[in-house]
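The values are calculated or read from the model by the stated rules, or taken from the named source; none is laboratory data. Bear in mind the structure is a predicted one, so any value in this text is a computation, not a measurement. Here the Cβ positions follow ideal geometry from the backbone for every residue, glycine too, while neighbour counts run over all protein chains shown.
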Amino acid sequence: MTALRNIRAIGRREVEVRIRTRSFLVGTLLLVLGVIAIAFLPVIIGHFDRTDTTRVAVVADEPAVGAQAKATIEALLNPSAGAGATTPGSQPDVTVTIESDLAAARRQAADGQLAGVLGIARAADGSLAFTYYSNDGAAGRSTAELRLAANSIAMADRLGRLGVSGAQAAALFAPVDLAVAWPDPTRTDPVRNVAASVGQDMLAFGMTILIFMIIIMYGNWVAMSVVEEKASRVMEVILNAATPYQLLAGKVFGVGVVAFVQYAAVIAGGVVSLQLQPAVASQVLGSTGAGDLTQGLTPALLLLFGLYGVLGFLLYAALYAAAGSLVSRQEDVNAAVMPMTLISTAGYMVGVYASTGLLDSRSPAITVLSVVPFLSPFMMLGRAATGVAQPWEVVLSLALLVGSIALAIWVAARIYAAGVLLYGQRPGMRAVWRLLREGM
Amino acid sequence: MALEVDRLRKRFGAVQALDGVSLRVEPGQIFGFLGSNGAGKTTTMRIVLSLMRPDDGTVTWDGRPAHAWPRRIWGYMPEERGLYARMAVIDQLVHFATLYGVTRAAARKAALDWLARFRIAEHAGRRLETLSKGNQQKVQFIATILHEPDVLLMDEPFVGLDPINVKMLRSALLELRDRGRTIVFSTHQLEQAEALCDSVAIIDHGRIVTSGPTREVRRSTGHRVVRVAMESGDAGWLGEMEGVTVTRGGADYTEARVAPGVDPQAVLRAAVRRGPVLRLEVADPSLEEVFVELVGAIEAEEQTLAPGAGA
């Protein structure tokens, strides 16, 4: 009764003091704007890409080859050109002009009026020889695109010389459909399409970043708040009224609520943006673009994000509070929270490497690590989203997380109880161990 | 029903902070806890409040262990003042009181009453850090007593207050005592203790040197004090008497300490024989004199703005 009342009162103060500050408002606003910007990134990139037309000139010995090259380049490098006339108001990515004066065209390319000039000459053996004159050099973007186009031009030219008609050539290059199925014949869940799995991957990746930010940022808040009370000696006044355990729980709870409010705003901004993305894309780009992220946003993924975010925060926040209680000055906080920072960063890095494919997310080591309590909040989400982790792995990691939170709070409360009244000393590992054993 | 501290011992590393401290504070009294810096006052208070565990010894209030009582019977004003610098005065007062179970509405009303009484009502909505040190200290005091604790422990409550605020705090303490509260405060300003305390204890190096009702402690050395003012203005002869030491010579009067076994009345008779007398007084030694005699010169922990106001 008393305990709950005090935990509530301490948590309430934490929330009121933090939410009222200008920095909280500004910070939340920036985070929401940031997440909206990220959600609309595909649309934004598409928008800028669209207005950025690459102009290329073709100089060919034979007019037929020149016309063929122009048609091939424009068809190949402008995705929407296949539909015939381009949408009003939208410009093609690449425009091609046929020139006869190579020297003049090269001057224009040198001045930057053209991205480059593709020179095509018929060699003695009948094959086409291509030279690309461009300031982009051998590795530039237009060079890479033109290399691709040149291949197709040469291929069409060879087919033409072999007597294959245009229609036959088109049939030759028609794409095939590759069916994908699970190797396990008893597995019945459908294989997700490319858009959904790419979207879910990206979302899980973004959520892992958010969880990492929540833990580092709000964990530090908890530690700072503890040290602030210690430095200002409010601690002694409060400890007369409340137990260290209540103080710790209230603080973690209060900062947790603040974190929840801030991230609810961020997530709401993100979800709404993702829902709006296809509509906005069709308005701005004239096409719906890839709705990858929208398709990947499933209730299950959101639930897992919430669970790992909240449980991960509780686990780390308790220890951040304990670390804060060991030092007396704000300057010493960073050193005290170093272990938590190192462990969470390590978990985050491994999680990111695994989800980007730098590490094999199916390897036994990653499988084991992703169940370990301090690491699972950063590692399991990505594995669960891609379907690599079995359901029992997810359940096990959550169970271990809950168990370790209970343990962490017990340990933290003891360190906290002993640490809050230690002034001026900087306890090392041995002192911390002694505090744990003796309690006070 | 009394606060009883029994043979407390506490060691910090190589330092024996408390070496068998025993005290008895009668309920409804103001009790002064006197000692130099590091004598063990703060440690004793923290143990009484269960903020720290003793290595040995017990603390009871009304026969029950101190830690078994609900927290709301205790009020504590630490020596290092502790408030939230960036929180509004009224908000933090309400916060502290709610931790002891006072409702927010009742806490707000009581806090405003006390702020008005200490003449800082206009600061209620301001952030604490904008207040002067003296005013912050008054806020600290209010934070200590809003939940109406039965036992009030205060560590150096008068340090840093100007004479007017010292007067306000003293009248507040006397009022709380008259309402039946038990008050313990530590100080090194012995004039404050002398003027305010029903009982005192002197602690030095973790041991109680003497304790009891203030009057008995003042008499505990066996010395008496005489103050003499002669019309001639010359009282130098006092120092020539057997067992009499002049402790203060002045234009207005001369003060002398009379050793145990010497009758102060003999000094008075000698004065009358010397000529016309303007003032003759026999008194107990001040606490400061007793302290100096028992412990040695007191180390000032902090120079105060209030040089014994009203003493």
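Worth pointing out:
- Among the residues of the range B:77-99, those identified as more than 7 Å from chain A (Cβ to nearest Cβ) and under 27 Å from the mean Cα position of the chain (by Cα) are B:MET77, B:GLU79, B:VAL89, B:GLN92, B:LEU93, B:ALA97.
Residues checked against (1) at pLDDT below 75; (2) farther than 24 Å from B:GLY233 by Cα; (3) assigned by TED's automatic domain parsing to the domain that holds B:GLY206:
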position: B:ALA251; (1), (2), (3): no, no, no
position: B:ASP263; (1), (2), (3): no, no, no
position: B:ALA271; (1), (2), (3): no, no, no
position: B:ARG274; (1), (2), (3): no, no, no
position: B:ARG279; (1), (2), (3): no, no, no
position: B:GLU293; (1), (2), (3): no, yes, no
position: B:ALA297; (1), (2), (3): yes, yes, no
position: B:THR304; (1), (2), (3): yes, yes, no
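- Scan of the range B:109-159 for residues that are of a type in the set (Asp, Glu) and surrounded by fewer than 20 Cβ atoms within 10 Å (Cβ to Cβ), ordered by number: B:ASP113, B:GLU122, B:GLU129, B:GLU148, B:ASP150
- Every pair of residues 6+ apart whose Cβ atoms lie under 8 Å, when the first sits in the range A:255-281 and is farther than 24 Å from A:LEU314 by Cβ while the second is part of a helix (DSSP H, G or I) and among the small types (Gly, Ala, Ser): A:GLY269/A:ALA39; A:SER273/A:ALA39; A:LEU274/A:ALA39; A:GLN277/A:ALA39; A:ALA281/A:GLY46
- Any hit, the range A:256-274, residues being within 14 Å of another protein chain (Cβ to nearest Cβ), surrounded by 16 or more Cβ atoms within 10 Å (Cβ to Cβ) and either modelled with pLDDT of 85 or more or touching a helix residue (DSSP H, G or I) at 6+ places or on another chain (Cβ under 6 Å) (or both): no
- Residue within the range B:16-28 that is over 17 Å from B:THR210 (Cβ atoms) and within 14 Å of chain A (Cβ to nearest Cβ) present: yes
- Some residue of the range A:45-52 being of a type in the set (Ser, Thr, Tyr), surrounded by fewer than 14 Cβ atoms within 10 Å (Cβ to Cβ) and at pLDDT below 80: yes
- Consider the range B:55-76 and keep the residues that are facing chain A (nearest Cβ under 8 Å) and not charged (D, E, K, R). The one that is farthest from B:THR42 (Cα to Cα) is B:PRO70.
- Criterion (in a helix (DSSP H, G or I), of a type in the set (A, V, I, L, M), surrounded by 10 or more Cβ atoms within 10 Å (Cβ to Cβ) and in the same structural domain as A:LYS70 (by TED's automatic domain parsing)) met by exactly one of A:ALA121, A:ALA156: A:ALA156
- Of the residues making up the range A:363-405, just one is among the charged types (D, E, K, R) and more than 16 Å from A:GLY347 (Cα to Cα), namely A:GLU393.
Okay, residues lined up against (1) surrounded by fewer than 18 Cβ atoms within 10 Å (Cβ to Cβ); (2) at pLDDT below 85:
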{"position": "A:ALA365", "(1), (2)": "yes, no"}
{"position": "A:SER370", "(1), (2)": "no, no"}
{"position": "A:PRO377", "(1), (2)": "no, no"}
{"position": "A:GLY387", "(1), (2)": "yes, yes"}
{"position": "A:PRO391", "(1), (2)": "yes, no"}
{"position": "A:VAL394", "(1), (2)": "no, no"}
{"position": "A:ALA399", "(1), (2)": "yes, no"}
{"position": "A:ILE405", "(1), (2)": "no, no"}
{"position": "A:VAL411", "(1), (2)": "yes, no"}
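- Annotation note: of B:GLY40, B:GLY63, the sole residue that is farther than 17 Å from B:GLU80 by Cα and small (Gly, Ala, Ser) is B:GLY63.
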